[in-house]
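What follows is a short report on a single structure.
What follows is calculated from the coordinates using simple rules that are stated; it is not laboratory data. As the structure is a computational prediction, the values presented were derived from the model and not from experiment. No Cβ is skipped: glycine too gets one built from the backbone with ideal geometry, and neighbour counts run over all protein chains shown.
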Amino acid sequence: MAHELHKKAASQIKGEKCYICGKKCTSFCDSHSIPKFILKNIAESGHVYLPTATKNQDIEVLKKIYKSFPGINEAQLFKNICRDCDNKVFNSIENVDTTLKPFTNKEYSLYALKILLHDIYIKEYCCCLDSLNHLELTGHGSIHFDWLADIKDMAGNANYYIDALENHAYVNHNVVLDVVLEKKVNFACVTKLLLGQSYTGKPIYDLYDYGVPFGFVYVLVLPIDDNHTKISMFYRKKHKIYNVLKNEFDDMTLEDKLQAISNLIIMHTEDFTCTKRVIDKLRKIRKIVSEEVSEFSIEEYLQRIKKLNESKINLFNI
Ligand SMILES: [Zn+2]
């Protein structure tokens, strides 16, 4: 039954046009937000783990979307652009040499666009699957207005990057961090964060105000080979609201920055892949992070960071 719903949802959200070039498209490319040459570096028997593996019950829509232990060919997929665009637009960032060098606005723009395309696809899939599920149970569909607002924000940002590409230009970014560690970490992450508060609890966005178009902080953790991992965190220059986060990071040591990024990822996103060893550690702290981040106060948010620090779990050191 669940399998049937998946098939139905996949066919319902299949569009007719490539999201980037706008040309009619019948066969979309299997694109990956985390490039395959990165996924390969943390794969075990060709598979990677997702944080949903730490959940016991198969009750959430997200769990149905993200398999807990996908093969690298099916991990972090999105299918809303044509093969031509996937090659033409993203090929330049999918190699070791480029990843080892400091990124420029070109690489930041292309990764941000990849993240947005992936998240739009997944959110549309979630909406569709949830509605079909609801239809089956109750006889009528359902609409999540907060998810639709999310899709609108992501599409607004994605279109900005695509317009720039059409003009042979790239979008300007502020860079919080761009380093290459001389070791391989056991997780990979190509994701965005939407923050209601900074790391030390200063207000950023009111996440309940759907009238405001939100911007995002993008986070990349790319284990390149056995001795190198690229870590980047950046946001569009236009989204000055995140300057407070950048200022906080500017005052930290590298070690503290990595702990902070680890905490932010664990608290805010399910969107990373890792090894079994990391999953086993994350299971132990599931309780600390099992509630929605936006649903508690700044005091509770800071409390949660404190607990994570006390747990001594740092994704970069597992
Ligand atoms: Zn295209």
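Each helix, a run of at least 4 DSSP H residues, gives -39500 (n - 2.57); summed and divided by the residues of the chain, these come to -13500 deg cm²/dmol at 222 nm. The modelled label-to-label distance for the pair L137/V212, using points 7 Å beyond Cα in the direction of Cβ, is 3.2 nm.
Its Cα centre serving as origin, region 173-317 has a Cβ charge dipole (Lys and Arg +1, Asp and Glu -1) of approximately 320 debye. In this rough spin-label picture, where each label sits 7 Å from Cα along the Cβ direction, the H6-D226 distance is 3.5 nm. The share of alpha-carbon pairs in the chain lying farther apart than 25 Å comes to 50%. Put one equal scatterer on each alpha carbon of region 1-153, apply the Debye formula with no solvent term, and list log10 I(q)/I(0) at q = 0.09, 0.15 1/Å to two decimals. Scattering profile of region 1-153, log10 relative to I(0): -0.33, -0.91. The fraction of all Cα pairs in region 173-317 landing in successive 10 Å bins from 0 to the largest distance is 11, 42, 37, 10, 0, given as whole percents.
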